[in-house]
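The values are calculated or read from the model by the stated rules, or taken from the named source; none is laboratory data. Here the structure is a predicted model, which means the values were calculated and not measured. Here the Cβ is made from the backbone with ideal geometry for all residues, glycine too, and neighbour counts use every protein chain on show. Only protein heavy atoms, including side chains, enter the accessible area calculation; ligands, DNA and RNA are left aside. Shrake-Rupley method; radii C 1.70, N 1.55, O 1.52, S 1.80 Å.
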Amino acid sequence: MQKITTVMLLTAAFGLSAGNAAAVENDYKPYLGVNYAYDTVKADDYHSYHNSGSLTLGSVYNPYFGTELFYQYSDKHKFHTTDNLKDSAFQAYGLDMLAYLPLGCDGAFAPTATMGIGEYTFKYNYRFSRDRRDHGWGYRFGGGLTYNIDQNWSARLLARYIKTDRLDNLDHITEYSLGVRYTFR
């Protein structure tokens with residue numbers, strides 16, 4: 001946990017100190033966003049694939065750094081084997097920190113790095129035994145590209161690796177997401 005905290009603080013420092021410190025203009029801009037994500041869940045004895053949607057409430061503090069809260073809800077992955085497990089689904093919420101590197105004259109394209117933490121709840125439905133829920137943490141690391149369409153609208157493409165902790169038999173989640181943001185100015 002100490003390593004993850006150190007890496008998160010270093011990412012925040014990178015976002016705040018990117019470019020000339022005197023040239024960074026702090027300008028708080030809140031935004032709302034929606035995302036579609038495709039998730040691959042790797043567990044010890046199965047793999048599942050989920051389509052999910054997420055809502056984000058975030059803010060950009062300057063051209064290089066932002067934070068966002070997220071809530072994510074997935075569909076059910078149905079297992080068509082003779083095993084006891086019938087289907088699984090998950091939901092998550094948490095906080096991400098984002099670092100941007102605006103490119104070009106007007107900064108329309110911005111490579112984006114993200115890291116954060118979320119609480120994940122998996123629901124398992126079984127054919128022959130009682131259904132159960134499993135709660136645990138997910139440490140989220142990712143990167144992608146943000147395209148600022150205009151002053152208010154932007155689109156973002158991200159890939160994330162989510163290392164899970166305290167979730168039985170679950171190793172990690174790989175996530176690919178595409179989303180849009182509306183920034184209030």
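Just a few scattered comments:
- The set of residues in the range 68-103 being open to solvent by 70 Å² or more (accessible area, probe 1.4 Å), charged (D, E, K, R) and part of a loop (DSSP other than H, G, I, E, B) consists of K76, D83.
- When restricted to residues that are under 14 Å from the mean Cα position of the chain (by Cα) and among the hydroxyl-bearing types (S, T, Y), the range 147-185 contains 5.
- Being in contact with an Asp or Glu (Cβ under 9 Å, 6 or more places away or on another chain), of a type in the set (A, V, I, L, M) and farther than 17 Å from Y73 by Cβ is a property that holds for I117.
- Any hit, the range 129-142, residues being open to solvent by 30 Å² or more (accessible area, probe 1.4 Å), closer than 17 Å to F65 by Cα and modelled with pLDDT of 90 or more: yes
- Annotation: D168 fulfils all but one of (1) farther than 20 Å from Y38 by Cβ; (2) open to solvent by less than 40 Å² (accessible area, probe 1.4 Å); (3) outside any strand (DSSP E or B); the unmet one is (2).
- Residues satisfying the stated conditions in the range 22-46, i.e. modelled with pLDDT under 95 and either open to solvent by less than 20 Å² (accessible area, probe 1.4 Å) or among the aliphatic types (A, V, I, L, M) (or both): A22, A23, V24, V41, A43
For every residue, the table says whether it meets (1) of a type in the set (F, W, Y); (2) modelled with pLDDT of 95 or more; (3) loosely packed, with under 15 Cβ neighbours inside 10 Å.
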{"position": "D106", "(1), (2), (3)": "no, no, yes"}
{"position": "D150", "(1), (2), (3)": "no, no, yes"}
{"position": "L158", "(1), (2), (3)": "no, yes, no"}
{"position": "Y176", "(1), (2), (3)": "yes, yes, no"}
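- Flag for F65 being open to solvent by 60 Å² or more (accessible area, probe 1.4 Å) and closer than 20 Å to G179 by Cβ: no
- The range 104-150 - residue that is among the acidic types (D, E) and assigned to a strand (DSSP E or B) and, of those, farthest from G94 (Cα to Cα): D134
- Long-range neighbours under 9 Å by Cβ, at least six apart or interchain, first residue under 18 Å from T121 (Cβ atoms) within the range 38-52, second open to solvent by 30 Å² or more (accessible area, probe 1.4 Å) and acidic (D, E): V41/D171; K42/D171; A43/D168; A43/D171; Y46/D83; H50/D75; N51/D75; S52/D75
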